[in-house]
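Q: Quick one: the structure is below, questions incoming.
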Amino acid sequence: MSRVLITGGTGYLGTELIQRARAGGWDVGATSFSSLPDDEGIVWQRLDIRDKPAVARAFEAWRPDVVIHTAYRLRGPDLWSTSAEGAGVIARVARAAGARLIHMSSDALFDGERTGRYSETDDPSPITLYGEAKAAAERLVTDAHPAALIVRTSLIYGGAQPGPHEQLTLDALSGQADVAFFTDELRCPIAAGDLAAALLQVAPTDRSGRLHIAGADVVSRYEFAQLVAAAHGQDPARLRAAASATSSVRRPRNCALDSSLAQQLLQTRLRGVREVLSESADGGRQ
């Protein structure tokens, strides 16, 4: 049985990975920055990934064969130290420990000014602080652990509970959030279960470098919100639309990822969000 360590185990992807890994026969260890769940069968460790001695102790205690690094910060004062520098710490310790590393990256590290989809050969071109941190993380991971696999993905949804992007839609529908969804920001949302299954399939391989693992469909933020609304039995027409191009904040617009290489390598089918959420909507009407 192989031993996997999942950083950010209480996060949205981390939670799904733990469930899938345990069901798949992995010996699972996980880390969390704050709370430690009371979860039988999982070895939990409280860990600040910026603290190299603490990370080294965690690796020594668990001795993982594979590390899937999902921990990050989206915003706030710890954004750079956690999402960028923390990734470098994990990579250095993983290499020293002889562990395979899968580092989770993002489509948000592109400027979004191109036509068509981004491939693995496209270098980062960030225009936001988060994008800059994720681009720096890729560089730090590659320098510290050349055999690491860097997985770029997109909006994650469809877990046991609504993810942040789904919850924003539900909050807008309930009046708890005043938000308009952009019609000109394009992403490739991926179901949490599909992403977790794909990561666990590539984990035992020696694949390195960059790999895009995202959903098959390119949709706007607005269409994604409409699909979420319908899947929850709500009226999509109640959602407000807007254009990112007219926003006062510069944001990447077209972040569509080409995941054809991953699909050739994987048994897991990377389903499109229209298929996944249409099935959810049909199930809710039965």
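The values are calculated or read from the model by the stated rules, or taken from the named source; none is laboratory data. As the structure is a computational prediction, the values presented were derived from the model and not from experiment. Backbone-built Cβ (ideal geometry, glycine too); neighbour counts: all protein chains shown.
Q: Here is a list: Thr205, Thr246. Which entry is assigned by TED's automatic domain parsing to the domain that holds Ala91 and over 17 Å from the mean Cα position of the chain (by Cα)? Don't jump to the end; show me each part of the working.
A: Numbers: Thr246 fails: assigned by TED's automatic domain parsing to the domain that holds Ala91.
One residue alone meets the criteria, Thr205.
Every residue, every condition in (1) surrounded by fewer than 22 Cβ atoms within 10 Å (Cβ to Cβ); (2) in contact with a strand residue (DSSP E or B) (Cβ under 7 Å, 6 or more places away or on another chain); (3) within 20 Å of Ala231 (Cβ to Cβ); (4) not small (Gly, Ala, Ser), yes or no:
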| position | (1), (2), (3), (4) |
| --- | --- |
| His145 | no, yes, no, yes |
| Ala148 | no, yes, no, no |
| Val151 | no, yes, no, yes |
| Ile156 | no, yes, yes, yes |
| Gln167 | yes, no, yes, yes |
| Gly175 | yes, no, yes, no |
| Asp184 | yes, yes, no, yes |
| Ile190 | no, yes, yes, yes |
| Gly193 | yes, no, yes, no |
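Q: Has region 132-155 got any residue that is small (Gly, Ala, Ser) and either in contact with a Cys (Cβ under 7 Å, 6 or more places away or on another chain) or assigned by TED's automatic domain parsing to the domain that holds Thr246 (or both)?
A: Of the residues in region 132-155, the ones small (Gly, Ala, Ser) are 133, 135-137, 144, 147-148, 154.
If we keep only those that are either in contact with a Cys (Cβ under 7 Å, 6 or more places away or on another chain) or assigned by TED's automatic domain parsing to the domain that holds Thr246 (or both) too, we end up with 154.
The answer is yes, given that some residue of region 132-155 is small (Gly, Ala, Ser) and either in contact with a Cys (Cβ under 7 Å, 6 or more places away or on another chain) or assigned by TED's automatic domain parsing to the domain that holds Thr246 (or both).
Q: Give me the residue from region 232-257 that is crowded, with 18+ Cβ neighbours inside 10 Å and out of contact with any helix residue (DSSP H, G or I) (no Cβ under 7 Å at 6 or more places or on another chain) and, out of that set, nearest to Ile156 (Cα to Cα).
A: Ala256
Q: Scan Ala191, Ala216, Ala196 and give me the residue that is within 25 Å of His145 (Cα to Cα) and under 17 Å from the mean Cα position of the chain (by Cα). If you could, list the steps in order and put the result at the bottom.
A: Working: Ala191 fails: within 25 Å of His145 (Cα to Cα); Ala216 fails: within 25 Å of His145 (Cα to Cα).
Matching residue, one of Ala191, Ala216, Ala196: Ala196.
Q: Output the residues belonging to region 95-134 that are touching a Pro at 6+ places or on another chain (Cβ under 7 Å), surrounded by fewer than 20 Cβ atoms within 10 Å (Cβ to Cβ) and either part of a helix (DSSP H, G or I) or at positive phi (or both).
A: Glu132
Q: Here's another thing I want to ask about it. Read through the list (1) more than 23 Å from Gly98 (Cα to Cα); (2) of a type in the set (A, V, I, L, M, F, W, C); (3) not in a loop (DSSP other than H, G, I, E, B), then give the number of the only condition that Ala198 fails.
A: With (1) more than 23 Å from Gly98 (Cα to Cα); (2) of a type in the set (A, V, I, L, M, F, W, C); (3) not in a loop (DSSP other than H, G, I, E, B) applied to Ala198, the lone miss is (1).
Q: Restricting to region 58-97, and then to whatever is aromatic (Phe, Trp, Tyr) and closer than 20 Å to Ile42 by Cα, can you tell me which residue is modelled with the lowest pLDDT?
A: In the first step, residues of region 58-97 are kept if they are aromatic (Phe, Trp, Tyr); the result is 59, 62, 72, 80.
Pick out the ones that are also closer than 20 Å to Ile42 by Cα and you get 59, 62.
Details: Phe59: 96, Trp62: 93.
This residue is Trp62.
Q: So, in region 136-153, how many residues would count as being touching a Phe, Trp or Tyr at 6+ places or on another chain (Cβ under 9 Å) and over 22 Å from Leu266 (Cβ atoms)? Full working, then the answer.
A: So the first thing to find is which residues in region 136-153 are touching a Phe, Trp or Tyr at 6+ places or on another chain (Cβ under 9 Å), and the list is 136-137, 152.
The next check asks that each one be over 22 Å from Leu266 (Cβ atoms); those that pass are 136-137.
Qualifying residue count, region 136-153: 2.
Q: Consider region 143-168. How many of its residues are under 18 Å from Phe110 (Cα atoms) and outside any loop (DSSP other than H, G, I, E, B)? Break it down stepwise before answering.
A: Initial filter on region 143-168 (under 18 Å from Phe110 (Cα atoms)): 150-156.
Remaining after also requiring outside any loop (DSSP other than H, G, I, E, B): 150-153, 156.
Residues in region 143-168 being under 18 Å from Phe110 (Cα atoms) and outside any loop (DSSP other than H, G, I, E, B): 5 in total.
Q: For region 198-231, which positions are farther than 30 Å from Arg3 by Cα and either of a type in the set (Val, Ile, Thr) or surrounded by fewer than 17 Cβ atoms within 10 Å (Cβ to Cβ) (or both)? Even if it seems obvious, please write down each step before you answer.
A: Restricting attention to region 198-231, the residues satisfying the condition of being farther than 30 Å from Arg3 by Cα are 216-231.
Answer for region 198-231, where residues must be farther than 30 Å from Arg3 by Cα and either of a type in the set (Val, Ile, Thr) or surrounded by fewer than 17 Cβ atoms within 10 Å (Cβ to Cβ) (or both): Val218, Val219, Val228.
Q: With the checklist (1) outside any loop (DSSP other than H, G, I, E, B); (2) among the small types (Gly, Ala, Ser); (3) surrounded by fewer than 13 Cβ atoms within 10 Å (Cβ to Cβ) in hand, flag the one item Ala262 doesn't pass.
A: Tallying (1) outside any loop (DSSP other than H, G, I, E, B); (2) among the small types (Gly, Ala, Ser); (3) surrounded by fewer than 13 Cβ atoms within 10 Å (Cβ to Cβ), Ala262 fails exactly one: (3).
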